[in-house]
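Trainee: Got a structure for you, written out below as structure tokens; questions coming shortly.
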Amino acid sequence: MANETATLAGYVADLKFADIPPQVLERAKVLTLDFLGSAIRARSEAESTPSLLKMLEALKLDAKGESTVFGDTKTWTPAVAALLNGALGHSLDFDDTHADSSLHPSAPVVPAAFAVGEMVGASGRDVLTAIVAGYEVCCRLGNALDPTSHYARGFHPTATAGTYGAAAAAGKLLGLGKDQIISAFGVSGSQAAGSLQFLVNGSWNKRYQVGAAAMNGVIAATLARNEFIGSTEAVEGKHGLLVGYSDNPHPDKAVAGLGRIYETMKIGVKPYPSCRYTHAALDALIAMRREHNLTPDQVKRVEIGLHRNGITLTGDAATKRHPKSIVGGQFSMFFTGAVALDQGSFGWDDYSRLGDAAVDALADKFDVVQDDRLETGRSHPFGARVSITTDDGVHERLYADPSGEPGTFPDAKAMQQKFLTLARPVLNGRADQLADAILSLERFDRVEKATQLGRQ
């Protein structure tokens, strides 16, 4: 390990809008729009939202401020806006995923960037630059942590590495120099937290801890701006992130190709509102159902092969076969697979089928196993093998990648339609205006002129 903290801090401090390739900026805008669609719908529909709002009210943290919470009617203080937008945008489990690091970059980064951007009167160009800086930091740290090792230790990388990404975005907009960003990363190292224990009972921790990562990044950067001295070597140090959170760190991955290779371009988007580890299997199940004209009564057995990370998150039959909560369903290969095989699709409204007798009966035919073919010789672990046994024999497919990865990234029209499907029920006609604004964010001299369109 050699000065990874300082190298990343220097990159963030020195990054300029003009340095970022046009295709990276375009991708950042589309990813931001995609994230905001989930946040807007979750403000009105996620079952955890009322508890978050009541907590803020009880603690007198619901004061009016200058920062937007998308889909809400009021403005909030910057740190609270980052918390809410981060939690809301992650609540549907419909937000983007960086496969190599197995984390959701937009959820901590975009809320921090918008909250601070509105606070300081930043331009759209400034905010886009900060978002790219945040993406690069959190994705690279996720790579360096080694997601398999990080998961095995019980950590959620979106909340851990994501705190650093949020601090990078916030620090960039606050105009911090290299040494101040090192301090912000030092504070982030004390705040980076995110436990996988939510998997046991389908709890709402996953949503909150990602919102907390966004908020903590804002706090860390603001402390550093005000001469707070944070730890040095927060990434590579004796008690730093890579040592404390992984048994198999790869520090070189934190800085490899920095400024030349953009991890932002490796971020994929979700066609289904569930854990990314379910998606390749869902793609296969839907395709095989259509190709073979399958009906549930024809299916005798379904075997889903996943990477061990997918087993950890979605494949434990004892707790995942018949989930009772939405979070449980989002992390159940059995439930999501049964719904997809039953009806040939899977969307947000399908969580109304939790406890459905037909879905549960079909889920009983599923087995989820570790497939060694998805373990070796691959850069990321999101593939799946699907075998469906019927009276006519066994039908099998192996999907190396789920749809929505960089090689099959949807076009701008499809991405805008996904956003509008989520946002229109909440924002009505303003949804179209917000989409246009985000996709041309660099034209705004003050980012608030764009973000205010996201207020209900």
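Trainee: Could you pull out every residue, at least 5 positions away or on a different chain, whose amide H is within less than 5 Å of the one on Gly65? Hs are placed 1.01 Å off N in the peptide plane, and Pro or chain starts have none.
Mentor: So Gly65 has HN proximity to Thr75, Trp76, Thr77.
Trainee: Any chance you could check the Cα centroid distance between region 439-456 and region 377-424 for me, in angstrom?
Mentor: Between the Cα centres of region 439-456 and region 377-424 lies a distance of 32 Å.
Trainee: Follow-up. Give the residue from Ala431, Val359, Thr390 lying farthest towards the positive end of the charge dipole for region 329-456; charges sit on Cβ (+1 for Lys and Arg, -1 for Asp and Glu) and the dipole is referred to the Cα centre.
Mentor: Ala431
Trainee: Turning to a different aspect of this structure: Work from the charge dipole of region 12-61 (Cβ charges, +1 for Lys and Arg, -1 for Asp and Glu, about the Cα centre) and give the residue of Ser51, Pro21, Gly37 farthest towards its positive end.
Mentor: Ser51
Trainee: Farthest toward the dipole's positive end in the chain, which of Thr68, Ala168, Ala318, given Cβ charges of +1 (Lys, Arg) and -1 (Asp, Glu) about the Cα centre?
Mentor: Selected residue: Thr68.
Trainee: Please give me the summed charge of the neighbours of Asp247: other residues whose Cβ is under 13 Å from its Cβ, Lys and Arg +1, Asp and Glu -1.
Mentor: That sum, taken over residues with Cβ under 13 Å, equals 0.
Trainee: As a test of the formula, what do you get for the chain when each DSSP H run with n ≥ 4 contributes -39,500 (n - 2.57) and the sum is divided by the residue count, at 222 nm and rounded to the nearest 500 deg cm²/dmol? Each step should come with its number before you reach the end.
Mentor: Numbers: 21 runs with 239 residues, N = 456.
It lands at -16000 deg cm²/dmol.
Trainee: How much of Tyr208 can a 1.4 Å solvent probe reach, expressed as accessible area in Å² and rounded to 10?
Mentor: 100 Å²
Trainee: Would you please give the residues with an amide H less than 5 Å from that of Leu103, counting only those at least 5 places away or on a separate chain, with H modeled from the backbone geometry?
Mentor: Hits under the 5 Å cutoff: His98.
Trainee: Using a 1.4 Å probe and ignoring any ligands, DNA or RNA, find the accessible area of Trp76 and quote it in Å² to the nearest 10.
Mentor: The value for Trp76 is about 10 Å².
Trainee: Further, regarding this structure: If you plug each phi of region 342-354 into the Karplus form 6.51 cos²θ - 1.76 cosθ + 1.60 with θ = phi - 60°, what whole-Hz ³J(HN,Hα) values come out, in order, with x for Gly and Pro?
Mentor: Values, residue by residue: 5, 10, x, 6, 8, x, 4, 5, 6, 5, 5, 8, 4 Hz.
Trainee: Using amide H atoms built in the peptide plane, which far-off residues or other-chain residues are under 5 Å from Val368 H to H?
Mentor: Ile304
Trainee: HN-Hα J couplings of region 108-123 from phi, Karplus 6.51/-1.76/1.60, θ = phi - 60°, integer Hz, Gly and Pro as x?
Mentor: Taking θ as phi minus 60°, the curve returns x, 7, 4, x, 5, 5, 5, 4, 6, x, 5, 4, 9, x, 6, 7 Hz for region 108-123.
Trainee: Out of these labelled values of volume of the Cα convex hull per residue in Å³, [x] 227; [y] 125; [z] 170, which was calculated from the coordinates shown here?
Mentor: Answer label, from the structure shown: [y].
Trainee: Net charge within 9 Å of Gly268 by Cβ-Cβ distance, Lys/Arg positive one each and Asp/Glu negative one each, not counting Gly268 itself?
Mentor: 0
Trainee: Assign unit charges at the C-beta atoms only (+1 for Lys and Arg, -1 for Asp and Glu), then state the dipole size of region 363-456 relative to its Cα centre in Debye, rounded to the nearest 20. Walk me through the numbers on the way to the answer.
Mentor: Details: 13 positive and 16 negative charges, 143 e Å.
Charge dipole, region 363-456, about its Cα centre: 680 debye, nearest 20.
Trainee: Using Cα-Cα distances under 8 Å and only pairs 6 or more residues apart, what relative contact order does the chain have, in percent?
Mentor: 21 percent
Trainee: Give a residue-ordered list of calculated ³J(HN,Hα) values for region 274-291 (Karplus: 6.51 cos²θ - 1.76 cosθ + 1.60, θ = phi - 60°; whole Hz; x for Gly, Pro).
Mentor: 7, 3, 4, 5, 8, 6, 4, 5, 5, 4, 5, 4, 5, 5, 5, 4, 5, 5
Trainee: Students often check this: by mean Cβ neighbours within 10 Å, which of 427-439, 409-421, 134-146 ranks highest, and how do the rest follow?
Mentor: Averaged packing, sorted descending, gives the order 134-146, 427-439, 409-421.
Trainee: Just to confirm a number: summing +1 for Lys and Arg and -1 for Asp and Glu over residues other than Gly194 whose beta-carbon lies under 12 angstrom from that of Gly194, what do you get?
Mentor: Residues near Gly194 contribute +3 overall.
The values are calculated or read from the model by the stated rules, or taken from the named source; none is laboratory data. For clarity, every value in this text was computed on a predicted model and none was experimentally measured. Counting neighbours? That spans all protein chains shown, and the Cβs are built from the backbone with ideal geometry, glycine included. Keep in mind that these areas ignore ligands, DNA and RNA; they rest on the heavy atoms of the full protein, side chains included. Shrake-Rupley method; radii C 1.70, N 1.55, O 1.52, S 1.80 Å.
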